[in-house]
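The values are calculated or read from the model by the stated rules, or taken from the named source; none is laboratory data. A quick note: this is a predicted structure, and the numbers were derived from the prediction, not measured. Here Cβ is always computed from backbone atoms with ideal geometry, including for glycine, and neighbour counts include all displayed protein chains. For accessibility, only protein heavy atoms count, side chains too; no ligands or nucleic acids. Shrake-Rupley method; radii C 1.70, N 1.55, O 1.52, S 1.80 Å.
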Amino acid sequence: MHVLFVCSGNVCRSVIAERLTLAVAADHGLQELSAESAGVRALVGFPVEPLAAQTIVGLGGNADNFKARRLKAEMVHRADLVLAMTEKIRDQVRELVPEALPRTFTLLEAYRIAKVSGARTVVGLHAARNDLAYVGRENISDPVGLSPQQFCDVGDRIAEALVPLLLALHAHQHPQATLRPRSAADGQPPLLVIDGGRGEQGRRAEHLRPGEYSGPAVEPTRHAAESAG
């Protein structure tokens, strides 16, 4: 599955999501999972914003060798799933490539639909979309110009939605797959994963060792990002 993340400048939110996805793919050996990112008003050629780079490292990713890119139609065409950071940007993607509507969501929208409906495919997410219309905004705000703490908060919010979503979609594609367990001696909070089914609450499940992937648990993520600075 190839995932395209879209934000505004492509130096903060979408690149955090891209590099977190690549870290999840590497840590779990998910060779079919790939990602890229772009911005609707990209700062073309710019590297990752420094505080976003610290956040990426705190989440277990690699912020090196990145240059911001402007969103193009061919990027949308080659993506199996498009995840935007705001509803406005999601709608801009749909305007650029109307036929991409069934596979274009905000990140928080896709996570909510998967959690509530039990959908575990992109087709399933779209099928449940109209039944689960949400009154309110499902946006992740741009942290540019904000404090290091607020960058960490944005990184945590991205991770807490994205990692469970990726693992749920992978588990459906590979039902025999097993994830490496985290030992109790590691002393880290477990990863939030999605339960399957309407009305169920998220649960905590032990999947990963922090040495392999630091995961989206809020406090460890925040501390790691702060220590990276």
Legend entry - Of all residues making up the range 145-155, the number that are assigned to a loop (DSSP other than H, G, I, E, B) and at pLDDT 95 or above: 2
Inset, instruction - Kindly provide the set of residues from the range 67-89 that are out of contact with any Gly (no Cβ under 8 Å at 6 or more places or on another chain) and open to solvent by 20 Å² or more (accessible area, probe 1.4 Å), ordered by number. - result: K72, A73, E74, H77, R78, D80, T86, E87, K88
Inset, instruction - Return the only residue of A168, A161 being assigned to a helix (DSSP H, G or I), small (G, A, S), crowded, with 17+ Cβ neighbours inside 10 Å and modelled with pLDDT under 95. - result: A168
Legend entry - Inter-residue pairs, beta-carbon under 7 Å, first aliphatic (A, V, I, L, M) and in the range 58-72, second in a strand (DSSP E or B), 6+ apart: A68/G39; L71/V6; L71/A38; L71/G39
Legend entry - Of all residues in the range 110-128 being part of a helix (DSSP H, G or I) and basic (K, R), the one that is farthest from the chain's Cα centre (by Cα): K115
Inset, instruction - Check off (1) more than 17 Å from the chain's Cα centre (by Cα); (2) farther than 23 Å from G9 by Cβ for A42 and give me the number that stays unchecked. - result: (2)
